[in-house]
Amino acid sequence: MIPDLGRYAVAVLSSYGATIVLVAAVVALTLWQGRRVKRQLQEVEARQGKAKTNG
Amino acid sequence: MSVWEYANPKRFMQVSARVLPVVVGLTVVSLVTGLIWGFFFTPDDFRQGSTVKIIFLHVPTAMMAINAWVMMLVASLIWLIRRHHVSALAAKAAAPVGLTFTLIALVTGALWGQPMWGTWWAWDPRLTAFLILALFYLGYIALWQAVDDPDTAADLTAVLCMVGSVFAVLSRYAVKFWNQGLHQDSTILKVGEKDPIDVAYYVPLVVCILGFVLLFVALVLMRTRTEIRARRLSALLAQERLA
């Protein structure tokens, strides 16, 4: 399935691996921060009886 | 309808909530298509062998590392001139994404450079300018964290962004300015000229570039929404403390 990368296999696979890890990290961080802040805001708005933020 | 309507946080939240699912869908489709095409279905280059497949990661992320800084510069200038909070928050939101792309470009560049140039790193004008840009990203993020007052933080980071723009420009044009070093000039805009990139690599590369552009847009929209919510959260908590 994986193409024959010859003697450069380590360089190519490491590049793809590092990219996937870094992109996954920034996506995960973005989603985690987004959910955490949204939940905290909803709690405070519910406590104060404020209208919800759109979206 | 004026573009400045989107500077209203409420309007921005409404519009971005509608746009975001479409952008995320297009991001996944274009990135998966481009990377699978590039990795599995492109031939080895006659000189570079299979390392040519790194182009589908290195070029789009390097382009976006620079373009992200340009976007932050535009947003910072809008903040400085018109004082729209959403633009300052969008610049803040873009920085970690830009830093990630910069790190990917540096890592993939080193992994590509070692077998092709015989070295992981050289103090070449383009590489050095790019490394300094990465340090500016770190400084920019640190400055936002270091200043308590959000408006003061936005002012200071906007100035830092303008200074860092010198290195964003140098990252792109250093090869043309100095005409030396290991890093080659861009070839993707040379279609029809001497030594263009072959169409077998060009088409999947364009798909990958589109994918990384959309990934940037999706992440910045998500992060800006979070920043707007965080700003509202801190305002509500401040009200609570005063009451």
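If one puts a single equal scatterer on every Cα of the stretch B:51-237 and applies the Debye formula without solvent, what log₁₀ I(q)/I(0) results at q = 0.09, 0.16, 0.19 Å⁻¹?
Per q value, in the given order, log10 I(q)/I(0) is -0.36, -0.99, -1.27.
Over 5 Å intervals from 0, what percent of Cα-Cα pairs in the protein assembly as shown sits in each interval?
Final binned percentages: 1, 5, 11, 15, 16, 15, 12, 9, 7, 4, 3, 1, 1, 0, 0.
Spin-label point model (7 Å from Cα, Cβ direction): what's the B:Phe40 to A:Leu13 distance in nm?
Roughly 1.7 nm, to one decimal.
Per q in 0.24, 0.28, 0.31 Å⁻¹, report the Debye log10 I(q)/I(0) for the stretch A:6-48, using one uniform scatterer on each alpha carbon and no solvent.
Listed by q, the Debye log ratios stand at -0.78, -0.87, -0.93.
Each label point is 7 Å from the Cα along the Cα-to-Cβ direction; what then is the distance between the points at B:Val70 and B:Val166, in nm?
2.0 nm
Using DSSP to define loop residues, name the trypsin sites (Lys or Arg not before Pro) in the stretch B:1-108 whose beta-carbon has at most 13 other beta-carbon atoms within 10 Å.
B:Arg47, B:Arg83
Please give the length that would be gained between B:Tyr173 and B:Trp117 if that part of the chain were fully extended, namely 0.36 nm times their separation in residues minus their C-alpha to C-alpha distance (nm, one decimal).
18.1 nm
About its Cα centre, what dipole magnitude does the protein assembly as shown give when the only charges are +1 on Lys and Arg Cβ and -1 on Asp and Glu Cβ, stated in debye to the nearest 20?
1120 debye
According to a simple spin-label model (label point 7 Å from Cα along Cα-to-Cβ), what is the distance in nm between B:Arg83 and B:Val206?
4.6 nm
Using alpha carbons only, what's the Rg to Rh ratio of the stretch B:1-114 with Rh from Kirkwood?
1.10
So between A:Asp4 and A:Val27, what do we pick up on full extension, going 0.36 nm a residue minus the alpha carbon distance?
5.2 nm
Taking the protein assembly as shown, how many lysine pairs are there with alpha carbons less than 16 Å apart, if each pair must be eight or more places apart or span two chains?
6
How shielded is A:37-47 by partner chains, expressed as the average number of their Cβ atoms within 10 Å of its Cβ atoms?
That average works out to 4.
Mind checking the dipole of the stretch A:6-48: about its Cα centre, +1 per Lys or Arg Cβ, -1 per Asp or Glu Cβ, Debye to the nearest 20?
With Lys and Arg at +1 and Asp and Glu at -1, about 40 debye.
Would you work out the charge dipole size for chain B about its Cα centre, treating the Cβ of every Lys and Arg as +1 and the Cβ of every Asp and Glu as -1, and quote it to the nearest 20 debye?
Roughly 620 debye, rounded to the nearest 20.
Take B:Ser171, B:Ser234, B:Ser30 and order them by how many other Cβ atoms sit within 10 Å, fewest up front.
Listing B:Ser171, B:Ser234, B:Ser30 from fewest to most nearby Cβ atoms yields B:Ser234, B:Ser30, B:Ser171.
Other chains' Cβ within 10 Å of B:50-57 residues: what's the mean?
If you average over the peptide's residues, the count of other-chain Cβ atoms is 6.
Values quoted throughout were computed directly from the atomic coordinates according to the rules given, and no laboratory measurement underlies them. Everything numeric in this text was worked out from a predicted model, so none of it was measured. Here the Cβ is made from the backbone with ideal geometry for all residues, glycine too, and neighbour counts use every protein chain on show.
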